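J.: Below is the structure I would like to discuss, written out as structure tokens.
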Amino acid sequence: QAQLVESGGGLVQAGGSLRLSCVTSEIDFRSSAMGWYRQAPGNERELVASIRSDGTLKYVDSVKGRFTISRDDAKNTVYLQMNSLKPEDTAVYYCNRLIFGKALYSWGQGTQVTVFS
């Protein structure tokens, strides 16, 4: 079980930007696929962006062109740059290692993103 620590959330006006960070104790980080999820009140947790060890990126349609996932293998950190934020992006954001497209570890505390119009 690796530790996952998300940070960078906050309160932002629609159209603004935030950069989320996730530091993990995963010892095999360099070869790990990582993902950012979000969960809004009353909704299921959804995978919004993923990055494989070879750099392959995937996004859910609702964030394409606005969010960018990246990684720094030297720092065991995955990032989510969020631009042109919308109120519907309001959620708690989590990261996790992905195995066959599914989250592997227990969830961290997440980081709250609130977008107001």
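J.: Tell me, what is the percent relative contact order of region 61-108, built from C-alpha pairs under 8 Å that lie six or more residues apart?
T.: On the way: 34 pairs, mean separation 11.1, N = 48.
So the answer I get is 23 percent.
J.: Place a point 7 Å from the Cα of residue 3 along the Cα-to-Cβ direction; which residues of region 101-117 have their backbone N under 18 Å from it?
T.: Once the point is set 7 Å along Cα→Cβ of residue 3, 105-111 turn out to lie under 18 Å by backbone N, inside region 101-117.
J.: Let me cross-check residue 75: its accessible surface, 1.4 Å probe, with only protein heavy atoms counted, in Å² to the nearest 10?
T.: My reading of the accessible area for residue 75 is about 130 Å².
J.: What nm value, rounded to one decimal, do you get for the distance between residue 64 and residue 39 when each label is placed 7 Å out toward the C-beta?
T.: Inter-label distance under the simple model: 2.7 nm.
J.: Might you report the magnitude of the Cβ-based charge dipole of the chain about its Cα centre, with Lys and Arg at +1 and Asp and Glu at -1, to the nearest 20 debye?
T.: Numbers: 13 positive and 11 negative charges, 27 e Å.
The dipole of the chain has a size of about 140 debye.
J.: Let me ask something else. Taking a point 7 angstrom from the Cα of residue 28 along the C-beta vector, which residues in region 42-60 have backbone N less than 16 Å away?
T.: Zone members listed by number: 52-54.
J.: Averaged across orientations, what area in nm² does the convex hull of the alpha carbons in the chain project?
T.: Values: hull surface 26.5 nm².
For the chain, averaging the hull's shadow over all directions gives 6.6 nm².
J.: What number, in percent, do you get for the relative contact order of the chain if the mean sequence gap of Cα pairs under 8 Å and at least 6 apart is divided by its residue count?
T.: Working: 274 pairs, mean separation 42.4, N = 117.
Relative contact order for the chain comes out at 36 percent.
J.: Right, next: Keeping all protein chains in place and using 1.4 angstrom, which order do 85, 57, 18, 11 fall into by accessible surface area, from largest down? It would help to have the intermediate numbers written out before the result.
T.: Values: 85 5, 57 75, 18 30, 11 125 Å².
The ordering from most to least exposed comes out as 11, 57, 18, 85.
J.: Determine ³J(HN,Hα), in whole Hz, for all residues of region 24-38 in sequence, where each value follows from phi through the Karplus function 6.51 cos²θ - 1.76 cosθ + 1.60 and θ = phi - 60°; x replaces Gly and Pro.
T.: 10, 8, 3, 6, 10, 4, 4, 9, 9, 7, 10, x, 10, 10, 9
The values are calculated or read from the model by the stated rules, or taken from the named source; none is laboratory data. Small disclaimer: the values here were computed from a predicted structure and weren't measured. Here Cβ is always computed from backbone atoms with ideal geometry, including for glycine, and neighbour counts include all displayed protein chains. The accessibility values were calculated without ligands, DNA or RNA, using every heavy atom of the protein model including side chains. Shrake-Rupley method; radii C 1.70, N 1.55, O 1.52, S 1.80 Å.
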